[in-house]
Amino acid sequence: FRWHWPDFDEPINALPVAPGNTVNLLGTLQEKDDGRILQRSKRGWMWNQFFLLEEYTGNDNQYVGKLHSNMDRGDGNVKYILTGDGVGSLFLIDENSGDIHATKRLDREERAIYTLHAKVVDKRTNETLEADTEFNIKIHDINDNEPKFSKDLYFASVPEMSDVGTSVIQVTATDADDQTYGNSAKLVYSILQGQPYFSVDSDNGTIRTALPNMDRETKENYQVVIQAKDMAGQMGGLSGTTTVSITLSDENDSPPRFANHTFRLSTLESAEVGAAIGRIKANDADVGRNAEMQYSIVDRNGQDMFTIISDQNTQEGVIRVKKQLDYEKQRTYSFKVEVTNTYLDPRFMYSPNPPFKDDAMVRVTIEDVDEPPVFSRNPYIIEVHEDTAAGSFVGVVSARDPDADNNPVKYSIDRHTDLERLFNIDSVNGTITTLKGLDREMSKWHNISVVATEISNPRQTTRVPVFIRVLDVNDNAPEFAMYYETFVCENVQSGQLIQTISAVDTDEPLVGHKFVFSISSSNPNFTIVDNEDNTARILTRRAGFSRREMNTYLLPVVISDNDYPIQSSTSTLTVNVCACDSRGNMQSCNTEALLSAGLSTGALVAILLCVIILLMIVVLFAALRRQQRKKEPLIISKEDVRDNVVSYNDEGGGEEDTQAFDIGTLRNPEVMDANKLRRDIIPEMLFPFQRTSPIKDNADVREFIHGRLHENDSDPTAPPYDSLATYAYEGSGSLAESLSSLESGCVEGDQEYDYLSNWGPPFKKLADMYIGKDMVRET
């Protein structure tokens, strides 16, 4: 309650009114004490709060308190009015007495304070007797809510082997009751399940380890049940529980161990280097990164022939071949393999546990395989002189069967590597000989392949390359290094240099080439001086050469080498005499001299190509002319029915004109020329010309024409283009005779065409056409 003294502006706190007290709205507190009513005058108090217990369980409405005004004389003229939160639904007031009741059970957790307004009016005049005054109804808490955890199940982890008191997780519960009133919301935590491994702080709910050296490998998961109880844990308090699933996380506290300390493996001796021959496995109770292991071979015997690596997926040790195995040399290997953790924890390295490593013995048995022959060397390099005769010894290759049986071996040469068949090999002892003479200048090296095959098992073969080097022998004489075009001027002086010459030799002596040049000492025109560097100078011995006397001099030069045996050759140097100026520059040489010097190969090739091109042009031109002649049309007359149709508009004399044309001739076809050729096609036929016999018995003209039309349609020799065929026939007795100018007697009768056959192929068709007509006419 708030007390208010009218003499002061500020209110002061007052003691609460006990249940059953009456509040005077004018500020007078009326207190019942043993039936006496105590009144305080001249000062008033302002009340502002009622208290009401929550969760009322009675059958009647719960009494809240009573409002009373000094204006109420007890005559029933005063009316109490209540407004605010829950009025009418939760709170009711007796307008006559001012008693306030709660109609429903109230829950403090839903709402703790209700704000109401009260005033007093006159029932008759509705005049306000007491101004509107605000007051609160506060709900008193009772312990009706149990503690609740935020989760029904918690998950936590703690490293294994942790010290006692290591914090794991903190769990907290909440109580909806009023924490400021009594112990309804004061919680105490305790552990119901999980002892003796874990403990819980009763005040804040922190879970800690309670035992030392908890080993994950022994037990990994723990279920801990925590209880939170209100009323400070006293009897009658409400409680709530939650479950905490605690997992011990792994630490590298367990060393790797071999379950079996002896492993037996086997492999073929033909296993390739790097091939896996087996796996061994150690066990580690740890997991994840702490279970990763490394394997190593600690014996020198095993380190030379084998290696071991760790499979990161299976944590197995994979043993691989390091060097080629040989059953015949060693059949078994025994060595020790050691395993350790990849990542070590220093906290456990010096613990009382055994060392963090383990070892095991591995025994590898080598199994025999039928191996191919093995050559004593690979490759072979053999040297032979080029002057070696056919059938001479070159060298020997040797191979053996590496197996214990040591089967015999035969030798052969792969002829794909010796296409010229220069060498042969003895199939028994491997001796290589020559089949032909060798020439180093043709080939300095010969690379052949020799095949060794087991006689008892031909599938077992081995190839080895044999490189045969042909050594040089001085069998070639030196010669000029190039062709020299040498000339001497007519006005040359004695001792003047006209040419410097050099030589080449296809041989290759070990000490290098050394050539000696010389000419006949009796030569009156030229002399030679050796420069001692494989070159020589040609000098004139006299002055005053003349082209009229001799325009060309042939100078034999002898060139010798210094190898054994000495080889020499004579090369001829052609010297032309030319006219020169005062400085020695050539101006002209005699034509004969130029011809004697000859043309170079390039010039001859160019001249020959020009001649061939000219001949091709001439032949092509002649062929084109001949082709044009062949394409001339056979019938060039303007009356050619394929190109021209001449129209004659003269209708004749009608039926009375019996002199112009006699239609009776059409009914007399016996006199027709059966072999008459058509003029609109080439006379030379692909098929023999056939004509059916004329229609007999004076058939009608219509049938005659239809018959001729059918013959022309079915004629295989007819041209592939549209043409005009004439079916009229005048008859042998016609007064008009032939209408064709080609058959005119006055023009063609006196002509002889036999001479056309002598004009050659271009006139062959013309000759066949006209000569053939003469033969038909004579017939």
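The values are calculated or read from the model by the stated rules, or taken from the named source; none is laboratory data. Just so we're clear, the structure is a prediction, and the values are computed from it rather than from any experiment. All Cβ positions, glycine included, derive from the backbone under ideal geometry; neighbour counts span all protein chains shown. Note: areas computed on protein heavy atoms with side chains; ligands, DNA, RNA excluded. Shrake-Rupley method; radii C 1.70, N 1.55, O 1.52, S 1.80 Å.
Structural remarks
- The length gained by stretching the chain between THR125 and VAL611 to full extension, at 0.36 nm per residue less their Cα-Cα distance, is 159.6 nm.
- Pairwise label distance in nanometres, GLU383 with ASN523, each label 7 Å out on the Cα-Cβ vector: 3.9
- Protein heavy-atom surface of the range 77-221, 1.4 angstrom probe: 43% of the accessible area is carbon and sulfur, with nucleic acids and ligands not counted.
- Inter-label distance, nm, simple model (7 Å from Cα along the C-beta direction), LEU153/GLU134: 5.1
- Probe 1.4 Å, protein heavy atoms only - accessible area per residue of the range 148-249 in square angstrom: 52
- Beyond 25 Å in Cα-Cα separation lie the following of the pairs LYS219/LYS336; LYS151/LYS229; LYS148/LYS219; LYS281/LYS336: LYS219/LYS336; LYS148/LYS219.
- Summing charges over all other residues whose Cβ lies under 14 Å from the Cβ of ASP530, with Lys and Arg as +1 and Asp and Glu as -1, gives -1.
- Gain upon complete extension [ASP163, ASP75; 0.36 nm per residue less C-alpha separation]: 23.4 nm
- For HIS446, neighbours were defined as the other residues whose beta-carbon sits under 14 Å from its Cβ, and their charges (Lys and Arg +1, Asp and Glu -1) total -1.
- Accessible surface computed residue by residue for the range 257-367, with neighbouring protein chains in place and a 1.4 Å probe, gives 56 Å² per residue.
- Computed from the C-beta positions of THR601 and ALA481 and an R0 of 25 Å, the FRET efficiency is 0.90 to the nearest 0.05.
- Between SER392 and PHE348, the simple spin-label model (points 7 angstrom out along Cα→Cβ) gives 8.1 nm.
- Accessible area of the range 374-471 belonging to carbon and sulfur atoms, whole % at 1.4 Å probe: 51
- Per residue, in Å², the accessible surface of the range 379-535 once ligands and nucleic acids are set aside, probe 1.4 Å: 54
- Peptides 234-246, 90-102 ranked from most to least packed give 90-102, 234-246, packing being the mean of other C-beta atoms within 10 angstrom over each peptide's residues.
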